Amino acid sequence: MRLDDVQELAALMSRLSVNELEYVSPQGASVRLSRGLSAGAALPAATPASVPASMPAMVPGAAVAVPAGMGGIFHRRPAPGEPPFVSLGDVVQEGQTLGLMEAMKMLLPVEAPAAGVIAGIHVEDGQAVQPTTLLMDIVPEERG
C-alpha cells in the first residue's frame, strides 16, 4: 500500500467525520487508522435527530427509526436527476430500498426495516452520515 493510498483514506475519514477506519486492499494489504481516541476512551454519545416542526406529533415508540448503520454518504436518489427512492408520506414495504449508502466507492442499499408510511426524512441527498445518524422514520402499518 502506498503512502498516497493512506493519505486518501485519511482524507476520507475527515470528510465522513469518522474516528476509525479499517481498509483491506484487494491484494490483502491492510491498514487501520484512528484519530483522537486512546485505548479505552469512550465514544461521544449520538445526538438524537430533531423532528421538523411541520411533522405531526407522534406517540413515543410509534415510529420505527431507520439509522444509517454505517458511515458514508447517503443518497436518496438512484442517480443524479432521478426522483428519490421515497418521499414523506410514501407507503413502503419491509425490505424496500429507501436509499443508498456510499462508502469506499461501494453502494449498499438501505432497506425499510418494517412496512409502513415514511413519517420523517432527516438527511439530504448526498449528506455524509455516521453509523448512528437517523435517516428516516417509518410509522408501521396497522395490522388487524
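The values are calculated or read from the model by the stated rules, or taken from the named source; none is laboratory data. In this text the structure is predicted, and so the values were computed from the model without any measurement. Cβ sites come from the backbone with ideal geometry, for glycine too, and all protein chains shown count toward neighbours. Side chains included, ligands, DNA and RNA excluded: accessible areas come from the protein's heavy atoms. Shrake-Rupley method; radii C 1.70, N 1.55, O 1.52, S 1.80 Å.
Annotations for the structure displayed:
- The residues listed here are Ala68, Ala45, Ala53, Ala41; of these, the one that is modelled with pLDDT under 50, open to solvent by less than 50 Å² (accessible area, probe 1.4 Å) and more than 15 Å from Ile118 (Cα to Cα) is Ala41.
- Unique match (being open to solvent by 60 Å² or more (accessible area, probe 1.4 Å), of a type in the set (Val, Ile, Thr) and at pLDDT 65 or above) among Val91, Val31, Val86: Val91
- Members of region 107-144 that are assigned to a loop (DSSP other than H, G, I, E, B) and either over 15 Å from the mean Cα position of the chain (by Cα) or more than 15 Å from Ala68 (Cα to Cα) (or both): Ala114, Ala115, Glu141, Glu142, Arg143, Gly144
- Residue match in region 98-106 (condition: assigned to a loop (DSSP other than H, G, I, E, B), surrounded by fewer than 18 Cβ atoms within 10 Å (Cβ to Cβ) and in contact with a helix residue (DSSP H, G or I) (Cβ under 9 Å, 6 or more places away or on another chain)): yes
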